[in-house]
Amino acid sequence: MIPPGEAPGLVLHDVSVRFGTRVGLVGVSLAVGRGERVVLLGPSGEGKTTLLRAIAGLDELVAGHVRVGGRDVSRDLPESRGVVYLHQRPSMFPHLSVVDNVGFPMEVRGIPRLQARERAMVLLERVQLAPLATRSALALSGGQQHRVAIARALAADPVALLLDEPFNALDPALRADVRDSVVESLGVAGGPSVLMVTHDVDEAAALGDRIAVLLGGRIVQDAPPAVTLSRPATHAVARFLGVPNCVAGTSDGRGTFTCALGQFACDLPAGRAMLVARADAMRAASAIGVADDRNDASPASQITATVEALQHRVGGTTLRVRLENAGSGDPLPLTVVAGIGALPTPGDVVSLDILRDRVHVVAADPASHV
Amino acid sequence: MSMQRDAMASGRVVAPWHVFLLVALGVVSLGPVLLLVLRAAAASWLYPDLLPSRGATGSTLGAFATPILWSALTRSVLLAVATAVVATLLGFVAGRGLVRAPRGLRELATGAAFLPVVAPPIALGVGIQVLAIRAGVGGSLVGVLIAHVIPAAGYLTLYFLGVLSAYDRSMEDEARTLGATAWQTFLRVTVPALRARWLEALVLGALVSWGQLALTLLVGGGAVQTLPVALLSFTRAGDDRLAAAAALLLTIPPALAFGVVQRGARRTGASA
């Protein structure tokens with residue numbers, strides 16, 4: 001959140017925007033401090049782009065106010081809001097060279113061409129593209145065009161910078177590189193407030209100082225990435241983030257939640273609730289047998305599960321396991337990380353260690369039938 | 001044979017009937033132009049001679065030096081340029097408006113733009129003539145200009161509707177948020193970004209005016225002598241030589257314009 005006393009660069013107050021023919025986002029409120037990066041994360045078709053366009057003055061606000069640098073710009077023209085909006089694909093001006101693209105915002109404000117070019121060269125140095133200054137902007141690669149677009153946006157000296165899924169069109173191999181370069185370019189003291197939209201959870205976690213999750217036309221959670229990812233505010237947020245383990249249970253209203261994995265602390269009223277946990281909250285401690293003899297091998301107090309499959313990913317290997325004695329009669333599927341030692345194989349029975357500080361209990365989604 | 005050899009050298013095989021088609025196409029398209037050149041240059045070419053019986057008298061360009069021909073040519077050029085500029089501007093404004101218009105209105109307006117394009121010029125001319133006379137511009141250059149602009153603007157409205165429907169406006173949006181006013185955005189982004197399209201539109205508008213006979217005759221009442229009107233007069237008077245010279249002058253600019261547009265399209269990477 002914005003530190004006390006610091007003027008927010010961008011503030012949305014009860015903003016509603018039209019999405020197609022209907023009002024898609026209702027009562028969105030959000031504040032982004034100077035130099036802060038907030039990522040608006042939500043599924044495709046949720047109205048994220050429409051919201052950015054409305055903030056930039058390119059689409060109409062149905063209701064609410066947009067304040068930029070403390071000034072209400074809700075009715076101002078796009079060019080006088082102090083907000084720069086960057087599309088998913090960088091829009092290079094095809095008839096201008098790289099340096100003239102970057103100098104464009106200064107020239108339209110009446111800064112002499114020579115002065116604008118000098119400043120543009122400084123910005124191109126910052127994005128490491130100065131050697132390509134005289135080239136046609138269209139001759140650059142996708143990643144280079146992104147960096148020119150960022151330099152050009154900074155040339156406008158915006159109070160707020162809106163990035164609309166900026167790395168979506170890039171190859172995965174190039175994406176991280178361009179992302180790092182952009183973060184480095186924006187990470188200067190007193191820089192613009194950056195509001196970026198994406199539907200990519202990893203990108204949001206890598207770029208945002210905060211993640212605001214947009215679901216059902218509303219911001220349902222606004223917190224630092226570590227909090228949002230480990231403690232989703234609702235079951236719907238957990239499902240959207242792709243949290244693999246959602247275990248239904250009951251809250252007794254007195255601070256205890258009970259489910260097939262045991263009892264956990266919670267502060268929910270009595271009723272249905274849901275334990276949500278990432279794979280790294282549960283560890284397959286060791287192989288203690290195979291499925292056929294697990295009843296003999298597992299101590300009664302231990303949570304045991306049968307390994308169904310191993311999922312190998314760049315970040316490590318996770319296990320798909322099945323908890324047979326889940327209470328409801330149906331086996332409970334879980335995704336867990338492998339513990340130290342040799343990897344188990346499908347059919348092995350493993351004991352599960354649950355890291356209680358990494359699991360989180362939320363109210364059950366009314367639409368959920370888990 | 002040499003073509004066949006070239007084709008063979010480049011690894012392609014050209015069938016004999018391909019060569020025949022190419023020659024036939026050349027004869028059909030260039031033959032009439034060649035006849036016009038011969039007729040314009042010859043002092044006399046009487047039936048049943050296969051070729052002109054007498055060469056040019058005095059200057060070989062004698063037919064082209066006729067004042068009446070130059071006066072008509074100048075008027076045609078003026079009308080073509082003015083029509084191109086006015087119709088291009090009208091077509092761009094209308095096309096841009098229609099791209100953003102609600103679907104029903106867009107279809108209605110597109111139909112209206114089609115009308116002067118598909119209506120036979122003679123029929124269109126009768127309607128415009130009545131209006132021109134009532135407006136006091138019948139028989140004047142201004143009246144003829146208005147008559148030429150009407151079908152040209154229709155063509156160019158449809159042309160720009162197509163161009164702007166495919167045009168990515170994100171560039172303009174970004175320019176606005178970078179601090180450019182709507183007018184700056186138009187002048188510094190839209191106009192240069194559509195440079196090749198402007199050129200094509202101007203050429204198209206000029207060509208609509210360039211060959212216009214029915215509208216010029218009906219609205220100009222014979223008082224406005226353009227090249228097609230002069231050509232008709234020469235033909236009626238039996239002056240084949242001047243008619244051929246006028247016909248050549250009518251043919252050359254469109255061919256040059258086509259070449260310019262092709263070159264521009266290649267340079268900008270756009271398809272012609």
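Do we have any residue at all in segment A:34-53 that's within 14 Å of chain B (Cβ to nearest Cβ), outside any loop (DSSP other than H, G, I, E, B), free of Cβ contacts under 8 Å to residues at least 40 places away in the same chain and not small (Gly, Ala, Ser)?
Taking segment A:34-53 and keeping what is within 14 Å of chain B (Cβ to nearest Cβ), we get A:49-50, A:52-53.
Filter once more, so that each one left must be outside any loop (DSSP other than H, G, I, E, B): A:49-50, A:52-53.
Restricting the remaining residues to those that are free of Cβ contacts under 8 Å to residues at least 40 places away in the same chain gives A:50, A:53.
Retained after the next criterion (residues that are not small (Gly, Ala, Ser)): A:50, A:53.
Scanning segment A:34-53, I find at least one residue that is within 14 Å of chain B (Cβ to nearest Cβ), outside any loop (DSSP other than H, G, I, E, B), free of Cβ contacts under 8 Å to residues at least 40 places away in the same chain and not small (Gly, Ala, Ser), so the answer is yes.
This table checks each residue for (1) surrounded by 14 or more Cβ atoms within 10 Å (Cβ to Cβ); (2) closer than 19 Å to A:Val243 by Cα; (3) modelled with pLDDT under 85.
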site	(1), (2), (3)
A:Asn295	no, no, yes
A:Ser298	yes, no, yes
A:Arg313	no, yes, yes
A:Leu352	yes, yes, no
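Could we say that B:Thr185 is at pLDDT 90 or above and away from chain A (no Cβ under 14 Å) here?
On the way: at pLDDT 90 or above: yes; away from chain A (no Cβ under 14 Å): no.
It is false that B:Thr185 is at pLDDT 90 or above and away from chain A (no Cβ under 14 Å).
Which pairs do you get when a residue that is of a type in the set (A, V, I, L, M) and part of a helix (DSSP H, G or I), found in segment B:12-30, comes within reach of a residue that is modelled with pLDDT of 90 or more and loosely packed, with under 10 Cβ neighbours inside 10 Å, reach meaning Cβ atoms under 8 angstrom, with the pair 6+ apart or on two chains?
From residues that are of a type in the set (A, V, I, L, M) and part of a helix (DSSP H, G or I), there are no pairs.
Quick check on segment A:54-91: of everything there that is within 13 Å of chain B (Cβ to nearest Cβ) and hydroxyl-bearing (Ser, Thr, Tyr), which residue is surrounded by the most Cβ atoms within 10 Å (Cβ to Cβ)?
Taking the candidates together, the pick is A:Tyr85.
Does B:Ala175 satisfy the criteria of being at pLDDT below 90 and either under 20 Å from A:Met92 (Cβ atoms) or among the charged types (D, E, K, R) (or both)? Spell out how you get there, then give the answer.
On the way: at pLDDT below 90: no; either under 20 Å from A:Met92 (Cβ atoms) or among the charged types (D, E, K, R) (or both): yes.
In short, no.
If you check B:Ala206, B:Ala196, which single one turns out to be assigned to a helix (DSSP H, G or I), out of contact with any strand residue (DSSP E or B) (no Cβ under 9 Å at 6 or more places or on another chain), closer than 30 Å to A:Pro105 by Cβ and in contact (Cβ under 8 Å) with a residue 60 or more places away in the chain? Show your work before the answer.
Values: B:Ala206 fails: closer than 30 Å to A:Pro105 by Cβ.
Step by step, each of B:Ala206, B:Ala196 is checked, and only B:Ala196 is assigned to a helix (DSSP H, G or I), out of contact with any strand residue (DSSP E or B) (no Cβ under 9 Å at 6 or more places or on another chain), closer than 30 Å to A:Pro105 by Cβ and in contact (Cβ under 8 Å) with a residue 60 or more places away in the chain.
What number of residues within segment A:197-215 are in contact (Cβ under 8 Å) with a residue 24 or more places away in the chain, farther than 28 Å from A:Ala155 by Cβ and not in a strand (DSSP E or B)?
Of the residues in that region, 3 qualify.
Can you give me the number of residues within segment B:74-112 that are of a type outside the set (Phe, Trp, Tyr) and crowded, with 21+ Cβ neighbours inside 10 Å?
First, the residues of segment B:74-112 that are of a type outside the set (Phe, Trp, Tyr): B:74-91, B:93-112.
Then drop every residue that is not crowded, with 21+ Cβ neighbours inside 10 Å, which leaves B:76, B:79-80, B:83-84, B:87-88, B:91, B:94-95, B:98.
The total comes to 11.
At least 1 residues that are closer than 22 Å to A:Val68 by Cα, within 14 Å of another protein chain (Cβ to nearest Cβ) and in contact with a helix residue (DSSP H, G or I) (Cβ under 7 Å, 6 or more places away or on another chain) in each: list the helices (runs of 4 or more DSSP H) lying fully within segment A:92-196 that qualify.
Ranges flagged: A:98-107, A:142-155.
Mind telling me which of the residues A:Ala248, A:Ala284 ends up being surrounded by 19 or more Cβ atoms within 10 Å (Cβ to Cβ), among the aliphatic types (A, V, I, L, M) and more than 30 Å from A:Ile340 (Cβ to Cβ)?
Going through A:Ala248, A:Ala284 in turn, just one is surrounded by 19 or more Cβ atoms within 10 Å (Cβ to Cβ), among the aliphatic types (A, V, I, L, M) and more than 30 Å from A:Ile340 (Cβ to Cβ): A:Ala248.
The values are calculated or read from the model by the stated rules, or taken from the named source; none is laboratory data. Because the structure is predicted, anything quoted here is derived from the model rather than measured. Quick reminder, even Gly has a Cβ in these numbers, built from the backbone with ideal geometry, and neighbours come from all protein chains shown.
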